[in-house]
Each structure stands twice: as structure tokens, then as C-alpha cells.
Amino acid sequence: MTDQQTCRTCRTVLFICPRTGHTVQGFLAEESFDTTEADRYAPISCIACSETHFVNLATGALLGADAKPR
């Protein structure tokens, strides 16, 4: 069973991993996001590098996104 199947009220988030440069798909449980908070970041486990990245819930931008991939 995939994460998407176990989370019926999930939101899909696409972001670029700052370590690998790959586009990654992550999921957020509905209760973990609130679109009224423009500067709120949520931790997302990255399947490309196995680290946790913080994604802005309103814009999809990563915290520290100006950093170049290593």
C-alpha cells in the first residue's frame, strides 16, 4: 500500500531536492497544512536523498531554496 492510498485526505507536493536536483513528489496530511499561513513550512521526507526538507505550504518553495545542489 502506498502513502497516497493510506492517506485519503492528503495533498500532493512537488519540489526540487536541493541535494540531488531531482523533482520529488511528497504528501502532506490535510491536517498538517493551512493555506492561511503564507510563511508556514512543513517537513517532507525526500525519497531522492532520504533527508527531510521544509516546504512552504503556500508556494511550494523550499526553506533555503537559494542554496545550490551538492
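The values are calculated or read from the model by the stated rules, or taken from the named source; none is laboratory data. Computed from a predicted model, the values in this text were never measured in an experiment. Glycine gets a Cβ as well: all are built from the backbone with ideal geometry, and neighbour counts include every protein chain shown.
Restricting to region 1-25, what's the tally of residues that are touching a Cys at 6+ places or on another chain (Cβ under 9 Å) and at pLDDT 85 or above?
Going through region 1-25 one residue at a time, the tally reaches 8.
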What about Ser45, is it modelled with pLDDT of 75 or more and within 10 Å of the chain's Cα centre (by Cα)?
-> yes
